[in-house]
Amino acid sequence: MTIKNIAKYFILISLAVSIANTSHSDSLTTAQPESVGISSDRLKRITKAFESRIEAKSLPGVVIRITRQGKLVYSNAIGWQDMELGIPMAQNSIFRIYSMTKPIVSVAAMTLVESGMLSLSDPVSKYLPLFKDVQVGVDAVNSDGLTLLKTKDSRKEITVQDLMRHTSGLTYGAFGKRTLVKEKYLAADLSSLDWTLEDYVNTLAALPLAYEPGSTWEYGRSTDVLGRVIEVASGMTLDQFLRTTIFTPLRMQDTSFGVPETKHNRIAENIADIETGRKINLIDVKKTMTLFAGGHGLSSTADDYLRFCQMMLNGGELDGTRILSPKTVRFMSTNHINENISKGNLYLPGPGYGFGLGFATRLEDGQSVWPGSVGEYFWAGYGGTYFWIDPAEELVVSFMSQDPYRRNEHRVLLRNLVYQSIID
């Protein structure tokens, strides 16, 4: 049987077992979709749409979980975990979640706020003294018409809130208008994993900021610095703190920095781009990690992330285990970007959205090109992963794929298909 025929076989099997598939979210009761106002027939459109894209090699495979009113109504693994090796996607396949690490680290920081060990108003320099005298970079043109980088003292210090809402002035360097400051970030080898978090953050502290702290929303390495703040405030390494505070209590048994050798056979892989023939090299999660990157370092499963999201939808609690108070959850998912904060050259949450503490949050029904509800919040990962939490609809969606090429297209597709399935 050829690889193509094997793919078709597994895709057909996945259609038949869509809702019958057993997930590892054993605390969530599986329910008939109609019992919580969702159409079974309309859910089949999700399966069909992603099957067609997998057959076209637009992406290798997906694992999707949908809950409403705390009931699991759609649970499916479709396509390939590793297309090149002929390994079908499994319910417990493990994915690099990249920036979906950020909401988890943000929740971890808020547990410290709730315990009195951290405050959003704290200057970052209280925990990381090298951030005391950070400089702001400015492009200036000299008398010869050449653009030079100059620096000046920042008007205010970066706060913990700035880290959590991406108004710190720290940048990735790759987004928006290219400046000499951003060139410095790109030249600093910050994409390497061969750091410790302490050395990585110390390097960031020596770079000029792209903006005055608190003035501009720009996606950047803020959550990586937040991870180091957590280490100093808690006295634990970030991986230990996340495991103790979130992963173990929520039974997120497959979420970690790096994937242990006993689970290497479950790692999902991307494929070459069908349009260019090139393949992006994703993080090598088989290596033992020394950099616990709070902005992009975790691997997880659809079930583990579903448990995290369900905890948030439940107001900070799952299965009798409380991570946060309901008030804190509402605070995190509320917009923290006021009219005095510029949205910069590239505002990733998109029209109709603000940004809270680790999550984009919806402000109005219109404006966005995808459906949702006011108060719904989400984020996504470079490798193709995605989630959103819709309190108005009592809805959670956990979506896992290793597709860095057309991830935005597939997220909008999923949004449309999920909301069209809601009939009550």
Checklist line | Residue pairs meeting the criteria (Cβ under 8 Å; at least 6 apart or on separate chains; first touching a residue at least 24 places away in the same chain (Cβ under 8 Å) and closer than 19 Å to Ile158 by Cβ, in region 184-206; second assigned to a helix (DSSP H, G or I) and acidic (Asp, Glu)) | finding: Leu197/Asp224; Leu197/Glu231; Glu198/Glu231; Tyr200/Asp224; Val201/Asp224; Leu204/Asp224
Check: What tally of residues in region 287-308 results from selecting those that are surrounded by fewer than 24 Cβ atoms within 10 Å (Cβ to Cβ) and in contact with a strand residue (DSSP E or B) (Cβ under 7 Å, 6 or more places away or on another chain)?
Finding: 1
Notebook entry, point to check: Take the residues of region 231-246 that are without any contact (Cβ under 8 Å) to a residue 12 or more places away in the chain and assigned to a helix (DSSP H, G or I): which is nearest to Thr290 (Cα to Cα)?
Noted result: Gln240
Item checked: Subset tally (residues that are among the hydrophobic types (A, V, I, L, M, F, W, C) and over 21 Å from Leu226 (Cβ atoms)) for region 172-208 -> 3
Notebook entry, point to check: If you go through region 351-359 one residue at a time, do you hit one that is aromatic (Phe, Trp, Tyr), in contact (Cβ under 8 Å) with a residue 60 or more places away in the chain and surrounded by 20 or more Cβ atoms within 10 Å (Cβ to Cβ)?
Noted result: yes
Note to self: Pairs needed: first member in region 122-134, among the hydroxyl-bearing types (Ser, Thr, Tyr) and modelled with pLDDT of 95 or more; second member anywhere, buried (at least 17 other Cβ atoms within 10 Å of the Cβ) and not in a helix (DSSP H, G or I); C-beta distance under 9 Å; at least 6 residues apart or different chains.
What the structure shows: Ser125/Val134; Ser125/Glu157; Ser125/Ile158; Tyr127/Leu118
Check: If you check Gly145, Gly116, Gly173, which single one turns out to be part of a loop (DSSP other than H, G, I, E, B) and under 19 Å from Gly295 (Cα atoms)?
Finding: Gly173
Next item on the list: Can you give me the number of residues within region 43-92 that are closer than 29 Å to Thr276 by Cα and of a type in the set (Lys, Arg)?
Entry: 4
Notebook entry, point to check: Got at least one residue in region 33-42 being more than 21 Å from Lys279 (Cα to Cα), modelled with pLDDT of 95 or more and of a type in the set (A, V, I, L, M, F, W, C)?
Noted result: yes
Next item on the list: Could you tell me which residue of region 166-182 is nearest to Ser342 (Cα to Cα), considering only residues that are under 18 Å from the mean Cα position of the chain (by Cα) and surrounded by fewer than 24 Cβ atoms within 10 Å (Cβ to Cβ)?
Entry: Phe175
Next item on the list: Kindly indicate whether Val201 is more than 23 Å from the chain's Cα centre (by Cα), hydrophobic (A, V, I, L, M, F, W, C) and in a helix (DSSP H, G or I).
Entry: no
Next item on the list: Of the conditions (1) over 27 Å from Ser39 (Cβ atoms); (2) in a strand (DSSP E or B), Thr67 clears all except one; give me its number.
Entry: (1)
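The values are calculated or read from the model by the stated rules, or taken from the named source; none is laboratory data. Given the structure is predicted, the values throughout are model-derived calculations rather than measurements. Note that each Cβ is placed from the backbone with ideal geometry, even for glycine, and that neighbours are counted across all protein chains shown.
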